[in-house]
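Taking it in order: structure first as structure tokens, then the write-up.
The values are calculated or read from the model by the stated rules, or taken from the named source; none is laboratory data. Treat the numbers as computed from the prediction; the structure is a model and nothing was measured. Here the Cβ is made from the backbone with ideal geometry for all residues, glycine too, and neighbour counts use every protein chain on show. The area values use the complete protein model at the heavy-atom level, side chains included, leaving out ligands, DNA and RNA. Shrake-Rupley method; radii C 1.70, N 1.55, O 1.52, S 1.80 Å.
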Amino acid sequence: MEVEKMDENEWKYHGEGNQSLVVAHCQRCVVLRFLKSLPNQNKTPEEILHHLQNIVDFGKHVMKQFFGENYVHHGEVIQLPLDFIRQLCLKIQPERPECRCDKDMDTLSGYAMCLPNLTRLQTLRFEEHRPILCIEIKPKCGFLPFSSHVSQEIKHKVCRYCMHQHLKVANGKWKRPSKYCPLDLFSGNKQRMHFALKSLLQEAQNNLKIFKNGELIYGCKDDQDCVSDSNELARHLKPFFFPSNGLVSGPHCTRTIVKELIHVITMALLSSTDTCRAGDMKTVPISQGRSYCEASAFNKELVRNGKHKLESSGLPRDCLLYKTLQAQMLDMLDIEGLYPLYSRVEQYLEEFPEERSTLQIDGPYNEAFYEKLLDLSLEDDGTVAFALTKVQQYRIAMTAKDCSIMIALSPCLQDECSEQRPMVLTSKSRFTFSVSVLDLDLKPYESIPHQYKLDGEIVNYYLKNVQAKEDPAMSNIFNENEDCTLVLHKV
């Protein structure tokens, strides 16, 4: 990218999270990512450069090992003219969601990350004019905790996502709970996966977005600002799935198109487009916990119909979902087992603050950092080294629980199809596709106490307000004291 000749009019607002803001180039398949900060909390240019370089190194040396070469695009740090950044900031300000404007885009350091635009990305070089559909899914945590440190039995039965939905609705973040359950998506069972994707399409929240040629056509820009009309979506998708236009319009047409979309997403998620076996990670056995969630609407439907529970079919070992789940399962102790180890590290750092850099808590994220993550032993020898390894593994797991999977699809004509390109077929069309993973910033070490507190809030709210209503006999057991922990023993 020619940094000297930058024109802010060639870039448009793409989206933002809590930490950074992204703009996309109108023609080329690249985005720029800028850090954000609260007003009057500006970091020095050196600090910004260090932070961005850490993000790049973490993707390159750590997450690539877990996910494989083809799935991770770590980008690079570049320096831009300050005048360009200031003009760009003014240009995009009106498009930013109000609730995100408490933080400002960094316009002082001149540094940004340059990354491929994954809503437009193609496997191999492909004609730019070809229409591209991109589905972004934030799958969340795909397993139930199997740790013996878990104090509430409900956590072994109902997944974190399903429990958290009720608290989010109570707090006004969402209007109604979603029927999506991550365990259904990660099951590898096509029926359950289809149900999970259908639920995401019905209630996208911030777990699903669909882009057409880089423009958001379905999903939430932010908490309240949602585009989610399924007939409108079908109108956008019809040329992709039924190019000859031979299908009647109306609800039947919408249902058929949505069904085709779900089929394509499922096939892409189960495919392997990366030959590299992720690192030398000894895998965490997936069978350690049960593979279904009692709160899943799919599971409840089965029980209602008197059927036995559908076990998972298991995921192909080379697909991105499997690799994501493996990284998530580095959370082997659950936050309840991890928190005392975090406190051990904290205590050590209070005594020896200068050790923080030796322990690599804030990087550098290099080969040595990755090597330490490979120790999966759970025998606590009381050392700071053991505690730190578990804390770092937990941070990786948290990162994998919050990543996004991008599936880019482009229609492919009969005569273009070749062996080199991954391909997925539907009843009337064929697509070449690429799968990538996004949002792989390492979760902050400092967020662990917050995670511990939130975990307690989610579980307590669920036990009192959801389970107690489903099981009236339970309701009088829980008193109003938040801190009361009830451990049920089998008699």
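Dipole size of the range 133-467 about its Cα centre, with +1 on Lys/Arg Cβ and -1 on Asp/Glu Cβ: approximately 1980 debye, rounded to the nearest 20.
For LEU388, the shell of other residues with beta-carbons less than 13 Å away shows a net charge of -1, using +1 for Lys and Arg and -1 for Asp and Glu. Each other residue within a Cβ distance under 13 Å of CYS253 adds +1 if Lys or Arg and -1 if Asp or Glu, for a net charge of +3.
Kindly report the accessible area of the range 8-117 per residue (heavy atoms of protein chains, probe 1.4 Å, no ligands, DNA or RNA), in Å².
The answer is 47 Å² per residue.
Overall, the range 8-117 carries a charge dipole of about 180 debye about its Cα centre when +1 sits on the Cβ of Lys and Arg and -1 on the Cβ of Asp and Glu, all other atoms neutral.
Here LYS469 and SER148 are evaluated by their C-beta separation; at R0 = 30 Å the FRET efficiency comes out at 0.55. In the neighborhood of GLN87, defined by Cβ-to-Cβ distances under 10 Å, what is the net charge if each Lys or Arg adds +1 and each Asp or Glu adds -1? Neighbourhood net charge equals -1. Could you tell me what percent of the accessible area of the range 133-467 is made up of carbon and sulfur, with a 1.4 Å probe and every protein chain present? Percent of accessible area from carbon and sulfur atoms in the range 133-467: 51. Working ranking of peptides 314-321, 164-171 by packing, defined as the average number of other Cβ atoms within 10 Å per residue, highest first, is 314-321, 164-171.
For the pair the range 315-356 / the range 127-179, the C-alpha centres are spaced 19 Å from each other. Within the range 346-401, the GluC sites (Glu not before Pro) that combine a DSSP coil assignment with at most 16 other C-beta atoms in a 10 angstrom radius are GLU379. Annotation for the range 1-107: trypsin sites (Lys or Arg not before Pro) lying in DSSP loop with at most 14 further Cβ atoms inside 10 Å of their Cβ are LYS5, ARG28.
Only four residue types carry charge here, +1 at the Cβ of Lys and Arg and -1 at the Cβ of Asp and Glu. Report the dipole size of the range 129-211 about the Cα centre in Debye, rounded to the nearest 20.
The calculation lands at about 180 debye.
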